[in-house]
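Some notes on the structure that comes next.
The values are calculated or read from the model by the stated rules, or taken from the named source; none is laboratory data. These numbers come from a predicted model, not from an experiment. Counting neighbours? That spans all protein chains shown, and the Cβs are built from the backbone with ideal geometry, glycine included. When the accessible area is computed, the model is the full protein with side chains, heavy atoms only, and any ligands, DNA or RNA have been set aside. Shrake-Rupley method; radii C 1.70, N 1.55, O 1.52, S 1.80 Å.
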Amino acid sequence: MPPSLSSIAVIGAGIAGLSCARTLRAAGHTVTVFDKSRGPGGRLSSRRAPGAIVDLGAQYFTARDPLFQAELTHWLDRGLVRPWPTSLWRIDAQGWQPHRDTHPRYCAVPRMSALTRHLAEGLELVSEARIVDLERRPSGWYLQDDRQHRYGPFQRLAISAPAPQAEALVAAHDAVLAKACHRVEQLACWAGYALFDTPLPNLEGVERDWQAAFVNHGPLRFVARNDHKPGRGEQGESLTLLATAEWSQTWLEQPAERVADALYAALRELLPASVQPAAPRLLAAHRWRYAQPLSGAAGPGFRLGQDGLALCGDGWLGPRVEDAWCSGHRLAQRWLAMPQRDHAASRSQR
Ligand SMILES: Cc1cc2nc3c(=O)[nH]c(=O)nc-3n(C[C@H](O)[C@H](O)[C@H](O)COP(=O)(O)OP(=O)(O)OC[C@H]3O[C@@H](n4cnc5c(N)ncnc54)[C@H](O)[C@@H]3O)c2cc1C
């Protein structure tokens, strides 16, 4: 890869890494994004199953930040996202109630990962490249992946992997950044999913086409009907079953099959005995070891390190899609506002 004064590497093609990369590229920089997965998305992940597309990570997102709201308007105009859920319920010990609050929610069309796929368009993305080692030389940063491929030099390097994973990469280069990573607590989440041949039976007192529900007791915290999301076409009934952080932590090392069974049993508990669904044709679970940071973080929403190294992602701002997007965008803006020569001295600005 030819060296260039404005050559920048971004590790992680989740929404934070992509928003960072797009902002930098729009300003004329040469940006290369690396991700260990087959495609972009990170925790905006969707899985194709026979006859269904299941969102496994974030089910929807909100928009509080003005810059993110402006981006959302653009996505809405282009038909990339639509409001969802519009029939949202809350399940607690008293039963099912409509859930109303002041936050409009949105999901990507026709699946959550379509948004990050759109954001990755036009970017140089190196997929299936798990970066395992960094090297800093006078010419810049060099990255090595788990297949012994080497990339670089890059004048700047943004790492948008969840903080515990970023820590392993920066530990040998920047003790202050490593310590900051260590302090970020990312909570786990088991995401179960169930596919059915027939629609769920109707529930008395609940809209026939209910789309999603917050759950306030038992192992589950959220249930989403994937086929009731916009743009899904003619898909069969499929549910995503998100477990609470506490339950997920307790079950973290359990086999996925056992977890899927337990989450499905928890779903059945939420339904009256008279309206139990038919047995699912497919039941599975995905483990997110670093699903969401425990809390929001004070500060600018990213961390600057030495020699053009920086961290972004939800762990540096808050536990939502919009936080992750803002984190990546703000890091890019900060870099764009800094003269190139200031990077070596950037530690003092943290
Ligand atoms: C189950 C679940 C439900 C959620 N629900 C919601 C919700 O309802 N609303 C909401 O707003 N948010 C929700 N979130 C949170 C939201 O999904 C995240 O905050 C956001 O997607 C994080 O984006 P990110 O870019 O910071 O990180 P990620 O999306 O995790 O991106 C990081 C990327 O880095 C890559 N990577 C990591 N290490 C390496 C490496 N060494 N080399 C190369 N690549 C690497 C990963 O593959 C990944 O693609 C949910 C998350 C989960 C898991």
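Quick check on my filter: what residues within the stretch 62-81 are farther than 23 Å from C189 by Cβ and within 15 Å of the ligand (Cβ to nearest atom)? D65, Q69, E71, L72, W75, listed by residue number. Looking across the stretch 146-187, the residues that are closer than 24 Å to R43 by Cα and β-branched (V, I, T) come down to I159, V170, V184.
Of the residues that make up the stretch 1-20, is at least one touching a strand residue (DSSP E or B) at 6+ places or on another chain (Cβ under 9 Å), within 12 Å of the ligand (Cβ to nearest atom) and farther than 18 Å from R130 by Cα? Scanning the stretch 1-20 turns up at least one residue that is touching a strand residue (DSSP E or B) at 6+ places or on another chain (Cβ under 9 Å), within 12 Å of the ligand (Cβ to nearest atom) and farther than 18 Å from R130 by Cα.
Scan the stretch 262-273 and tell me whether some residue there is open to solvent by less than 60 Å² (accessible area, probe 1.4 Å), touching a strand residue (DSSP E or B) at 6+ places or on another chain (Cβ under 7 Å) and part of a strand (DSSP E or B). For the stretch 262-273, residues open to solvent by less than 60 Å² (accessible area, probe 1.4 Å), touching a strand residue (DSSP E or B) at 6+ places or on another chain (Cβ under 7 Å) and part of a strand (DSSP E or B): absent.
No other residue among H118, H103, H74 is free of Cβ contacts under 8 Å to residues at least 60 places away in the same chain and outside the structural domain of G192 (by TED's automatic domain parsing) apart from H118.
Of all the strands (runs of 3 or more DSSP E) wholly in the stretch 116-194, which have at least 2 residues that are open to solvent by less than 40 Å² (accessible area, probe 1.4 Å)?
Qualifying strands (runs of 3 or more DSSP E): 131-137, 140-145, 150-154, 156-159.
Only residues that are more than 15 Å from the ligand (Cβ to nearest atom) and touching a residue at least 12 places away in the same chain (Cβ under 8 Å) were counted in the stretch 32-61, giving 5. Take the residues of the stretch 319-350 that are outside any helix (DSSP H, G or I) and surrounded by fewer than 20 Cβ atoms within 10 Å (Cβ to Cβ): which is modelled with the highest pLDDT? Checked the stretch 319-350; the qualifying residue modelled with the highest pLDDT is P319.
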